[in-house]
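The values are calculated or read from the model by the stated rules, or taken from the named source; none is laboratory data. Bear in mind the structure is a predicted one, so any value in this text is a computation, not a measurement. Don't worry about glycine lacking a Cβ; one is built from the backbone with ideal geometry, like all the others, and counts go over all protein chains shown. Side chains are part of the model used for accessible areas, which takes the heavy atoms of the whole protein and leaves out ligands, DNA and RNA. Shrake-Rupley method; radii C 1.70, N 1.55, O 1.52, S 1.80 Å.
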Amino acid sequence: MLRRILRRIRHRVRQFAGALRPRLDDAARAEADACLEAPQRALFEAMMLRDQQHGIEVLRRVRAAAPAPDPPLFVAALLHDCGKGRVQLWQRVAFVLLEVAAPWLLRRIAVEHGAEWRRPFWRLLHHPELGARLAAEAGAGADTVRMVREQDAKHPDHRLALLQAADDA
């Protein structure tokens with residue numbers, strides 16, 4: 001139990017450090033472009049740079065773990081966080097802390113229509129559904145849309161389990 005908690009803390013610290021200076025080189029961008037059609041590429045480009053970087057990392061992990069090429073899964077890996085929208089780093093940190101320490105407070109402050117600073121918390125809380133809608137509007141297939149929507153499912157199928165493991169790695 002303690003090892004799991006320490007692993008999770010280490011993961012979050014690395015995530016925070018990577019979020020301070022996100023980068024996406026030409027090779028990574030080309031890697032994403034090869035998986036995405038034009039409307040999906042536009043959706044990917046509209047994501048915050050740190051979310052694009054994370055999507056590329058998830059794509060690479062999924063590719064390494066997948067038994068065969070799986071284009072719908074690869075698109076889901078790149079777009080799974082597209083529903084988050086623009087979120088300040090302090091809001092992401094506060095979201096993670098509140099999610100663990102005070103989920104009741106997170107749900108109370110996360111409102112869709114209200115003070116500007118509260119809306120990102122709502123988007124972070126509901127990003128799988130929001131992202132699924134955006135992916136569908138960008139022409140992603142039903143399988144990709146399902147994986148984006150169900151990315152936090154408790155009992156995932158094999159492909160969704162690959163996505164979840166790659167997202168958490």
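A few notes on this one:
- Meets criteria (under 11 Å from the mean Cα position of the chain (by Cα) and not charged (D, E, K, R)) for PRO128: yes
- Test for GLY55: is it touching a helix residue (DSSP H, G or I) at 6+ places or on another chain (Cβ under 7 Å) and on the phi > 0 side of the Ramachandran plot: no
- Test: LEU106 is over 21 Å from GLN53 (Cα atoms) and aliphatic (A, V, I, L, M): yes
- Residue count for segment 87-116, restricted to those that are free of Cβ contacts under 8 Å to residues at least 40 places away in the same chain and within 13 Å of the chain's Cα centre (by Cα): 1.
- Every residue from segment 27-38 that is open to solvent by 70 Å² or more (accessible area, probe 1.4 Å) and either at pLDDT below 95 or closer than 19 Å to ARG133 by Cβ (or both): GLU37
- Positions within segment 26-47 being of a type in the set (Asp, Glu) and assigned to a helix (DSSP H, G or I), in sequence order: ASP26, GLU31, ASP33, GLU45
- Among the candidates GLU150, GLU137, residue that is under 13 Å from the mean Cα position of the chain (by Cα) and of a type in the set (D, E, K, R): GLU150
- Remark: ALA165 falls outside the filter, which requires a residue to be free of Cβ contacts under 8 Å to residues at least 40 places away in the same chain, surrounded by fewer than 20 Cβ atoms within 10 Å (Cβ to Cβ) and aliphatic (A, V, I, L, M).
- Matching residues, segment 152-162, being open to solvent by 50 Å² or more (accessible area, probe 1.4 Å) and not in a loop (DSSP other than H, G, I, E, B): HIS158, ARG159
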